[in-house]
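One structure below.
The values are calculated or read from the model by the stated rules, or taken from the named source; none is laboratory data. Predicted model only: the values in this text are computed from it and were never measured. As a convention, Cβ positions derive from the backbone with ideal geometry for all residues, glycine included, and neighbour counts pool all protein chains shown.
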Amino acid sequence: MKAMKRTAIANLIKATLFSAAAGTAFTSTAAEQQGPAAKDNSLEVIQITARKRVENAQEVPVAASAVQGDNLEAYSSAGMDIRFLNAKIPSLTVESSFGRTFPRFYVRGLGNADFDLNASQPVSLVVDDVVQESPILKGFPVFDVARIEVLRGPQGTLFGRNTPAGLVKIDSARPTQELEGYAAASYGSFNSIDFEGALSTGLTDNLSARVSVLRQQRDNYIDNRAPNNFIDDATGGYQETAARVQFLYEQDAFSALFNYHTRDLNGKPIVFHANAIESGTNNPRPGFDPEVTYHDTIQFSTQNVESQGASLTLEFDLENHTLTSITGWESAEIFSRADVDGGFGCGNNFVPGCPTEEMGPGFIFLASETADALPEHDQITQEIRLASNFASDFNYQVGAFYYSEEQVIETYGWDGLGFEFPIGYVRQDQDTTAWAVFASGEYQVTDKLELSAGLRYSNDERDFTASRFANKGDTVANLTKSVSPDDSHVSWDLALAYKYSDDINLFARAANGFRAPSVQGRILFGDEVTVADSETINSIEAGIKSDVLDGRGRINATVFYYQMDDQQLTAVGGDSGNFARLLNADKTVGYGLEVDTEWVLTDNIDAMFNFSYNNTELQDNDLFSPGCFACTVTDPLTDQGYSLDGNSLPHAPEWIANFTLRYTAELGDGEFYAYTDWSYRSEIDFFLYESVEFEGEALFEGGLRTGYKWYQDGNEFEVAAFARNITDERVFIGGVDFSNNTAIVNEPRFFGAEFKVNFF
């Protein structure tokens, strides 16, 4: 089966590369043959804000992709959280060991697998122009969204903090003066009920408002079968509510946009399956059932998230300049408790009361039940920038940015044997302050050649204290440690855009990025607070953006190479225990290819195909990590641990591919459509070291959506049926390695039906 998948992907890649070469050459001929009808069915112009201006994506010298419209609607069917973006865009993957919260983004192989709530990531998430720095803020539901942009490569000039790998940017639908909105309700597998809707209208001639709401719920559907703890439908469910309220004031040369948003999630954490992987292989153990668990503490498992935030965007049109101010506030709280070892009982003779006569599935060395909490969190951001609007060859932007975050993180440990007996508590207190000044400009050298450049100075400081409080009778002593890392850096970028023809744009870009020092102080089971020094990246890329076949086709391709110095890495878990340590790799090298294509195949059929190839390699002879407790590590073992030199990065697949096909046809007074999408990502390593058991198999998932739209009384109605993961492919997508070969499984097959009305 693996060989068949690789062959199919290879054939699609060859076909796309051939079309990229041949389609451009025959553009003029095809245009003559198609005539006016081709223009009526040309692809829509995609607008992005990669340079903080609204621009045609085809003319921006940045490797960028956008998801909107039908694709966005289909991907997010079945109540999916932001992980639906996984493998839907070249060089982008998303995973989580927390489930619907704490998504971890990876671009071009660069990301961070750290599970601590204080973890920083090299891929930034910006929602409505406000950076979402806390991992919990990144999980806010995606609804009533205009578009999602993914900017690949360092974005350190205009977007700044923690963007050496790239940026995911989400823009909500804005208020309108005209009355418009929608309401959609769906029902599906596991008694899932989803509702979302929005209403936008003018309140006065100058003031408009938009209210957006979301409600999702799913029943528990996974059974627990630990001895003396049989519970049907014990976990897997959730209830989530979110809302966004926006007010937009516009008058002459001034506009003000106020945005308030809130989220409330009550559910269960992601499910850990003990010894799910057969020893010596990366296959499921015989008899493994992803909808059955064997937890001795599943009755205590819970995940509760509350977040809220507000922003105020002021814009002043000063004839030749635009002055923009963006003030943001975000706050989040979470309590997530789970049976991390994934099984029942344990065989650790050194922990009193731990050994049991019965344990499983398989050998469980340590009974581990932990909880992570964020009881206090506040983030404040302020950006101000001045952008020129000259009708000349030169334009520029200058600005300043301020960031302040205060947070308290708590970690709890219990005995993990089904009792409410606490064994430890850790509190982390951290204050972060960062500020930056930046400038960028674009100069039209000739009618065809544009030069752009940017510069940013960043300063970042943290004050961190971790305190461990042992409980009576526990062997772990009380401990307090503090660190205060700080650093500053100058990031830059330089790009050339060449208009080869009206339909073909070439670009080249060099950029430098920076991530400030990180701290790992989750000292529940270890005594060390580790600090990772700043990482820096130098990246070069070149590409082509082309519209072919008289606007009925689009081919964008980019090749890239980067070198990251002192990359921040996290050695998660291993045989040293349920603990994480930060490391710096001397050098990390990556290179690859990204291709985006879209096609209007006929008047009724549209298609999209994209793929990427990423090769990453750690280059450091002195980089070592502990290995897993019970798996088969294939890296060389030394006195300092397993050597990581030459390894690829964790959660960094070499190949990613995505294919969509949409058919529409007039039927009666409306339109029938059928849509399918398929995504593929190749094998991945879960951890820094390479092992047989913790190599995740390739993941190949498909979706289907079919429905009927019709207009009545000025409104658009739609009924649809949909399915996600239609082949019910079940693959291990993550693991826990400190006690046994615990694994996490992807979402099961899901069927549903939806009714939607758009009113105008």
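No other residue among Asp565, Asp620, Asp596 is among the charged types (D, E, K, R), crowded, with 20+ Cβ neighbours inside 10 Å and over 22 Å from the mean Cα position of the chain (by Cα) apart from Asp620. Examine segment 374-397 for a residue that is closer than 25 Å to Thr302 by Cβ and of a type in the set (A, V, I, L, M, F, W, C), and state whether such a residue exists. Yes, segment 374-397 contains at least one residue that is closer than 25 Å to Thr302 by Cβ and of a type in the set (A, V, I, L, M, F, W, C).
Does segment 337-383 hold any residues that are in a loop (DSSP other than H, G, I, E, B) and among the charged types (D, E, K, R), and which are they?
Within segment 337-383, Asp341, Glu357, Glu358 meet the criteria.
Against the numbered list (1) more than 29 Å from Val271 (Cβ to Cβ); (2) buried (at least 18 other Cβ atoms within 10 Å of the Cβ), Trp710 comes up short only at (2). Screening Gln155 with (1) part of a loop (DSSP other than H, G, I, E, B); (2) surrounded by fewer than 24 Cβ atoms within 10 Å (Cβ to Cβ) gives one miss only, at (2).
The number of residues in segment 645-665 being assigned to a strand (DSSP E or B) and polar (S, T, N, Q) comes to 3. One residue is enough: does segment 131-139 have a residue meeting the conditions closer than 13 Å to Gly166 by Cα and either of a type in the set (S, T, N, Q) or free of Cβ contacts under 8 Å to residues at least 40 places away in the same chain (or both)? For segment 131-139, residues closer than 13 Å to Gly166 by Cα and either of a type in the set (S, T, N, Q) or free of Cβ contacts under 8 Å to residues at least 40 places away in the same chain (or both): absent. Phe335 fulfils the conditions (1) under 24 Å from the mean Cα position of the chain (by Cα); (2) buried (at least 20 other Cβ atoms within 10 Å of the Cβ); (3) farther than 19 Å from Val131 by Cβ except for a single criterion, (2). Look at Pro286 and say whether it is closer than 30 Å to Glu729 by Cβ, out of contact with any Asp or Glu (no Cβ under 8 Å at 6 or more places or on another chain) and assigned to a loop (DSSP other than H, G, I, E, B). When the stated conditions are applied, Pro286 does not pass them. Condition check for Ala20 on (1) over 30 Å from Gly156 (Cα atoms); (2) among the aliphatic types (A, V, I, L, M); (3) modelled with pLDDT of 85 or more: one failure, at (3).
Screening Gly160, Gly188, Gly153 for residues that are out of contact with any Ser or Thr (no Cβ under 8 Å at 6 or more places or on another chain), in contact (Cβ under 8 Å) with a residue 12 or more places away in the chain and not basic (Lys, Arg) leaves exactly one candidate, Gly188. Apart from one condition, Asp728 fits all of (1) part of a strand (DSSP E or B); (2) on the phi > 0 side of the Ramachandran plot; the exception is (1).
Counting only strands (runs of 3 or more DSSP E) that fall entirely inside segment 48-149 and contain at least 1 residues that are at pLDDT 95 or above and over 23 Å from Thr558 (Cβ atoms), the qualifying elements are 92-95, 104-107, 123-127.
Of the candidates Glu133, Glu95, the single residue that is of a type in the set (Asp, Glu) and closer than 18 Å to Asp685 by Cβ is Glu95.
Residue count for segment 384-429, restricted to those that are among the basic types (Lys, Arg) and either within 30 Å of Phe365 (Cβ to Cβ) or not in a strand (DSSP E or B) (or both): 1.
Would you confirm whether any residue within segment 586-600 is among the polar types (S, T, N, Q) and more than 22 Å from Pro90 (Cα to Cα)?
No, that holds for no residue.
Of everything in segment 275-323 that is under 30 Å from Arg244 (Cβ atoms) and hydroxyl-bearing (Ser, Thr, Tyr), the residue that is nearest to the chain's Cα centre (by Cα) is Ser307.
Filter segment 720-748 for residues that are among the basic types (Lys, Arg) and more than 21 Å from the chain's Cα centre (by Cα) and give the result. Residues satisfying the conditions do not exist here. When we screen Glu405, Glu450, Glu442 for residues that are over 30 Å from Pro61 (Cβ atoms) and of a type in the set (D, E, K, R), the only hit is Glu405. Among residues belonging to segment 498-528 that are free of Cβ contacts under 8 Å to residues at least 60 places away in the same chain and either assigned to a loop (DSSP other than H, G, I, E, B) or β-branched (Val, Ile, Thr) (or both), point out the one that is surrounded by the most Cβ atoms within 10 Å (Cβ to Cβ). So the residue we want is Pro517. For Leu137, the criteria (1) out of contact with any Lys or Arg (no Cβ under 6 Å at 6 or more places or on another chain); (2) over 30 Å from Ala183 (Cβ atoms) hold in every case but one, which is (2).
Go over the candidates Tyr412, Tyr403 one by one and state the one that is aromatic (Phe, Trp, Tyr), touching a residue at least 60 places away in the same chain (Cβ under 8 Å) and buried (at least 18 other Cβ atoms within 10 Å of the Cβ). Quick ask: steps written out before the conclusion?
Working: Tyr412 fails: buried (at least 18 other Cβ atoms within 10 Å of the Cβ).
The unique qualifying residue is Tyr403.
Residues that are polar (S, T, N, Q) and modelled with pLDDT of 95 or more within segment 197-233 comprise Ser200, Thr201, Thr204, Asn206, Ser208, Ser212, Gln216, Gln217, Asn220, Asn224, listed in sequence order. Only a single criterion out of (1) surrounded by fewer than 20 Cβ atoms within 10 Å (Cβ to Cβ); (2) over 20 Å from Phe750 (Cβ atoms); (3) charged (D, E, K, R) is not satisfied by Glu729, namely (2).
From the list Asp586, Asp575, which one is outside any strand (DSSP E or B) and acidic (Asp, Glu)? Spell out the reasoning first.
Values: Asp586 fails: outside any strand (DSSP E or B).
Criteria check complete, one pass: Asp575.
Scanning segment 541-593 for residues that are hydrophobic (A, V, I, L, M, F, W, C) and within 29 Å of Val519 (Cα to Cα) returns Met564, Leu569, Ala571, Val572, Phe579, Ala580, Leu582, Leu583, Ala585, Val589. Exactly one residue out of Thr322, Thr293, Thr297, Thr281 is more than 30 Å from His377 (Cβ to Cβ) and crowded, with 20+ Cβ neighbours inside 10 Å, and it is Thr293. Taking segment 613-633 as the range and being acidic (Asp, Glu) and either in contact with a helix residue (DSSP H, G or I) (Cβ under 6 Å, 6 or more places away or on another chain) or not in a strand (DSSP E or B) (or both) as the test, the residues that pass are Asp620, Asp622. For segment 180-196, filtering for residues that are surrounded by fewer than 19 Cβ atoms within 10 Å (Cβ to Cβ) and either at pLDDT below 95 or acidic (Asp, Glu) (or both) leaves 1.
Return yes when Thr201 is surrounded by fewer than 17 Cβ atoms within 10 Å (Cβ to Cβ), without any contact (Cβ under 8 Å) to a residue 40 or more places away in the chain and closer than 30 Å to Arg174 by Cα and no when it is not. Judged against the criteria, Thr201 is a match.
I'd like to check something: does segment 467-479 contain any residue that is crowded, with 17+ Cβ neighbours inside 10 Å, of a type in the set (Gly, Ala, Ser) and not in a strand (DSSP E or B)? Within segment 467-479 (the criterion being crowded, with 17+ Cβ neighbours inside 10 Å, of a type in the set (Gly, Ala, Ser) and not in a strand (DSSP E or B)), the answer is no, since none of the residues qualifies.
Residues that are under 23 Å from the mean Cα position of the chain (by Cα) and more than 30 Å from Tyr425 (Cα to Cα): does segment 494-503 have at least one? No, segment 494-503 contains no residue that is under 23 Å from the mean Cα position of the chain (by Cα) and more than 30 Å from Tyr425 (Cα to Cα).
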